Structure formats: C-alpha cells, structure tokens
Amino acid sequence: MKPKVGLMLGGGGAKGGYQVGVIRALQEAKLVDHIDVIAGTSIGAINGLLLASLESTDKLSEVWRYAQSKNIYKQGFTRLKTDREGLYSLDILRDVFNHYIDPKKIRNAKIDVYAVAAKIIDPKKIASQIRKDNHEKVVFHVNKHQTPFEPVIASASIPLFFGTTYIDNEPYVDGGVIDNNPIDVLVDQGCDIILAVPLDYNFDVRPYTNRNILIVNLTDLSVFSSKPIQDAYDIIRFTEDALTERQNYGYLAAKEVIQKLRTLGFLKKGMFGFNENFRSPERFTYVDVPMDTYDKIKASNQERHIPRRESKKRASIQHKIIERISRGNKDGNS
C-alpha cells in the first residue's frame, strides 16, 4: 500500500525562503508528486497554498519576488490609519494571491492544504492579540473553505504588526502564537511519512515516538540564528539577497537529506527503475540533516559570493565607462 505523505511547513516570516529551496529540491527529485497533505502555519501556510496551486518552484519564486516588489513596509502604517488593530495591512498579500492563484485550482488541487490560525477568544480583553490564554487553535481545510485565501492570511496575521483577520466575524491572528509546527495535523490525517521544514528551534517530535511514522526534518537550523533579536530581524528581512541565500540553503540541505533517505532505504526506485517511491517505516523513525551539511553550505556560499562581488565590480566599471563615453559624445557635439 502506498504510504500517505505529508509536508509540514512551519512559521518564520521571511525565513520561509528556505522552504522555497527545499520545495525546489523535492520537485527536482519528483517527490512533490507523492505529497498528499500540507499543513502550514503563517509563511508555511502561504508556501503550502502556493505549492498546491502553482505548477513549479520557478513560479513560486516569482510570487515571492512579486510580493517583495510591492514592499509591504513602504506602504506605511496603513492598518493603523484605518482600524488601529495593527500597523500594516495584508491587502498586498490578497493582491498577490489574486494575481497568481485561481481559487478553483485550490478547490480542485490533488494536495489537501491545512492552515493553522489562532482565534481570539475575547477581543475585548487588554492586549487580546498577544495573550496566550486568549487564543484557541483553529485548523482550516483551505481547499474546502468558501474564501480559501482568508484562512491563509489569518494564519500569517502577526499580532499587532498586521493585526487581526476576520473570518465569519471572528478575529484571528498568526497561528505561530499557538502552534508554529503543526505536525499533529498531518498525524491526524493519517500520514505515514512527514517531511518537515521548521524555521525555529521549537520543533519537537517526542509526542509522536509511539507511532509507526517516519519524520524527516529537512531543516539545518545552523543557518538560522538562535539569538532572539537577530531571529526577529530575520523574520522581517524580506530582501532579494536574503531570499536567494535562504533558497540556496534550503535547496542544498534538502538534497543532502534526500540522498540520506536513499541510503537508509526509505526512497526506492519503482518498477523498471523509474520514479522513486517512499517506503513506510516499521517503527517510529526520525531522519534529519547530516552533520556535515552546514560546512558544505558555508563553502558553497563563499564560492557564490566571489563571482557576485566580481560581478558588482564589473558592473560599476562598465557604468563608469558608459558615463565617460556619454560625456565625450556630448563634448564632441558641442
């Protein structure tokens, strides 16, 4: 019997670029075709929605760049000026979804997508958005929701920063305040194999060690800072360089893990030696990134930066040459 495969995409703001790289590696290995269910929180819910409704990781990367071009911060405190429930508006995210995604594709997608959000129990309480005792975990089945974009936007509504998102007149904030790594959603859906891409240091598999499942952690946390201030900055650093760097990290780390799965026998060639298939575990098994992966990533990162600096240098020289030629032409014509 074919094992049921789930993909967990954790929350972490701009660090979600790492997940784009992982997805690219999975797609290259034709493993995305095996995914039956996605559970995501915050940026993970966004990436899950995009993966289920778009055709390729190139398109997914394009969406990220389109969103960056909109620059949510340059719009100013638009939410603060309207209802004072947050600083910035997430209308830009709605614009991105409307630009790239047909809601019909989500409803008909072969992958089921679940988004975790935190419902505010009593919005009248002081600091209602950030009080842990005032949150209730809600899991939305995005494919079956009447307005499929809204649960994902609710899942990414960082308290105070973006404020609340209302669904059926109920206020919700970012699911990360209550469950940033929704492994349990995939377990409840009967997944035998769970590919996990957490973006924080709170990922915990211990509650599931009594189950016959394979959990594959595709994240090398060495690439992320464990210092709260630096981590908070990384969460909101939606720059082109940061996105490219994290995508490369995720891609390289995932490639290492995929090879490890082959070595352990959890990925095997199908009939006639074509597409690989997952093999169900006989007991709880946890697989993570090989120990030497970070050193390989650092070496690769240094190699990439040499030509990048050289490219900038050459572009600067070329620009100066063009300026001089332009000035010379003007002087000759005068």
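The values are calculated or read from the model by the stated rules, or taken from the named source; none is laboratory data. Keep in mind it's a predicted model, so treat the numbers as computed, not measured. Every residue, glycine as well, gets a Cβ built from its backbone with ideal geometry; the counts of neighbours run over all protein chains shown. Heads up: the accessible areas ignore ligands, DNA and RNA and are worked out on the full protein's heavy atoms, side chains in. Shrake-Rupley method; radii C 1.70, N 1.55, O 1.52, S 1.80 Å.
Listed values, structure above:
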{"quantity": "Lone qualifier among Gly175, Gly163, Gly190 - being touching a residue at least 40 places away in the same chain (Cβ under 8 Å), surrounded by fewer than 18 Cβ atoms within 10 Å (Cβ to Cβ) and not polar (S, T, N, Q)", "calculated": "Gly190"}
{"quantity": "Index of the failed condition, Asp58 passing every other in (1) within 19 Å of Leu195 (Cα to Cα); (2) assigned to a helix (DSSP H, G or I)", "calculated": "(1)"}
{"quantity": "Residue match in the stretch 208-230 (condition: in a strand (DSSP E or B), over 17 Å from Asn47 (Cα atoms) and open to solvent by 40 Å² or more (accessible area, probe 1.4 Å))", "calculated": "no"}
{"quantity": "Per-region count, the stretch 28-52, residues more than 14 Å from the chain's Cα centre (by Cα) and open to solvent by 10 Å² or more (accessible area, probe 1.4 Å)", "calculated": "7"}
{"quantity": "Filter result (modelled with pLDDT under 90 and touching a Phe, Trp or Tyr at 6+ places or on another chain (Cβ under 9 Å)) within the stretch 251-293", "calculated": "Lys268"}
{"quantity": "Pairs where the first residue, in the stretch 273-293, is on the phi < 0 side of the Ramachandran plot and the second is in a strand (DSSP E or B) and open to solvent by 80 Å² or more (accessible area, probe 1.4 Å), C-beta under 9 Å, 6+ apart", "calculated": "Asn275/Lys269; Glu276/Lys268; Glu276/Lys269; Asn277/Lys268; Asn277/Lys269; Phe278/Lys268; Arg279/Lys268"}
{"quantity": "Residue satisfying all of: in the stretch 245-272; open to solvent by 40 Å² or more (accessible area, probe 1.4 Å) and touching a residue at least 40 places away in the same chain (Cβ under 8 Å); nearest to the chain's Cα centre (by Cα) among these", "calculated": "Glu245"}
{"quantity": "Any hit, the stretch 295-311, residues being at pLDDT 85 or above, open to solvent by less than 80 Å² (accessible area, probe 1.4 Å) and on the phi < 0 side of the Ramachandran plot", "calculated": "no"}
{"quantity": "Wholly within the stretch 95-178, strands (runs of 3 or more DSSP E) carrying at least 2 residues that are within 17 Å of Leu9 (Cα to Cα) and not small (Gly, Ala, Ser)", "calculated": "112-120, 135-141"}
{"quantity": "Qualifying positions in the stretch 227-240 - over 18 Å from Ile158 (Cβ atoms) and modelled with pLDDT of 85 or more", "calculated": "Lys227"}
{"quantity": "Any hit, the stretch 107-121, residues being modelled with pLDDT of 90 or more, open to solvent by less than 50 Å² (accessible area, probe 1.4 Å) and over 26 Å from Pro159 (Cα atoms)", "calculated": "yes"}
